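The next block holds one structure in the form of structure tokens; read it before the comments.
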Amino acid sequence: MKTILITGISGVGKSTLTSELSNKGYRAVDLDSPEWSVWSSDIATPIELGTPVKDDQDWIWNEKKVSVLLKNSMSDLLIVSGTAENMGGFIDAFDLIILLSASKPCLEKRLETRQSNNYGKRTEERLRVLDQKDTIEPLLRKLSDFEVSTEGPLTQTVEKIEAMMAAI
């Protein structure tokens with residue numbers, strides 16, 4: 001089985017891309033959803049990497065559930081998307097890591113107008129994401145094998161991702 005992680009900060013299009021890949025028949029799972037993540041005070045993003053969404057808590061992957069998913073997938077290819085403070089413990093499980101990125105103006109517009117969830121609607125949330133463009137995204141870039149800009153049409157992003165998946 002090949003396992004791919006699609007990562008990036010809020011607003012880059014991880015959930016949209018994951019949904020599109022799932023619609024195309026791939027086994028694709030959005031780890032940033034309540035089914036796979038939890039609020040936890042056990043792990044919190046260091047303050048130098050941005051202010052927390054909730055005081056002394058962070059939205060992290062449910063390690064037990066994600067471990068089972070990564071070990072027991074019944075498909076030849078598993079695509080997961082998400083970003084979490086505790087994702088480092090899973091990095092070795094991925095055959096390919098793809099960072100999605102977009103410019104600050106693009107992120108701000110997407111967050112203001114997004115329909116999939118309400119995160120980013122409040123000014124302080126948007127400011128946190130824009131700060132993460134400078135703090136978190138460089139760390140994700142170091143972990144990633146490839147970076148894909150999502151500022152073009154979704155179909156173009158999907159084609160780029162499919163080409164990368166075909167090469168592994």
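Just so you know, all these numbers are worked out from the coordinates, no wet-lab data involved. Treat the numbers as computed from the prediction; the structure is a model and nothing was measured. Note that we place each Cβ from the backbone using ideal geometry, even for glycine, and neighbour counts take in every protein chain shown.
Determine, from the Cβ-Cβ distance of Asn23 and Lys121 and an R0 of 25 Å, the FRET efficiency 1/(1 + (r/R0)^6), rounded to the nearest 0.05.
Details: r = 26 Å, r/R0 = 1.03.
Result of the calculation: an efficiency of 0.45.
So which aspartates and glutamates can Lys71 reach, going by Cα to Cα under 16 Å and dropping same-chain residues fewer than 8 places off?
Glu63, Asp92, Asp95
Show me, bin by bin at 10 Å from 0, the whole-percent P(r) of the range 79-168 based on Cα pairs.
Spelled out bin by bin, the range 79-168 gives 14, 44, 36, 6, 0 percent.
Within the range 1-30, find all residues whose amide N lies under 11 Å from a label point positioned 7 Å from the Cα of Asp76 along Cα-to-beta-carbon.
Within reach of a label on Asp76, which here means backbone N under 11 Å from a point 7 Å along Cα→Cβ, the range 1-30 contributes 1-2.
Compute the Rg/Rh shape ratio of the range 1-40: radius of gyration over Kirkwood radius, all on alpha-carbon atoms. Spell out each step's value before the answer.
On the way: Rg = 10.9 Å, Rh = 11.2 Å.
Looking at the range 1-40, the ratio lands at 0.98.
Helix-derived [θ] at 222 nm for the chain: sum -39500 (n - 2.57) over DSSP H runs of at least 4, divide by residue count, nearest 500? Before the final figure, lay out the partial values.
Numbers: 5 runs with 63 residues, N = 168.
So the helix-based figure for the chain works out to -12000 deg cm²/dmol.
What pairs in Lys2/Lys64; Lys14/Lys104; Lys64/Lys160; Lys2/Lys24; Lys104/Lys142; Lys65/Lys133 have C-alpha atoms more than 22 Å from each other?
Working: Lys2/Lys64 20 Å; Lys14/Lys104 16 Å; Lys64/Lys160 31 Å; Lys2/Lys24 17 Å; Lys104/Lys142 20 Å; Lys65/Lys133 28 Å.
Cα-Cα > 22 Å for Lys64/Lys160; Lys65/Lys133; rest within.
Identify, among Ala84, Ile60, Ser149, the residue whose Cα sits farthest towards the positive end of the charge dipole of the chain, taking +1 on the Cβ of Lys and Arg and -1 on the Cβ of Asp and Glu, with the dipole about the Cα centre.
Going by the Cα projections, it comes out as Ser149.
Given the Cα-Cα distance of Lys109 and Glu162 and 0.36 nm per residue of separation, how much length would full extension add, in nm?
Values: separation 53, 0.36 × 53 = 19.08 nm, distance 2.64 nm.
Full extension from Lys109 to Glu162 adds 16.4 nm.
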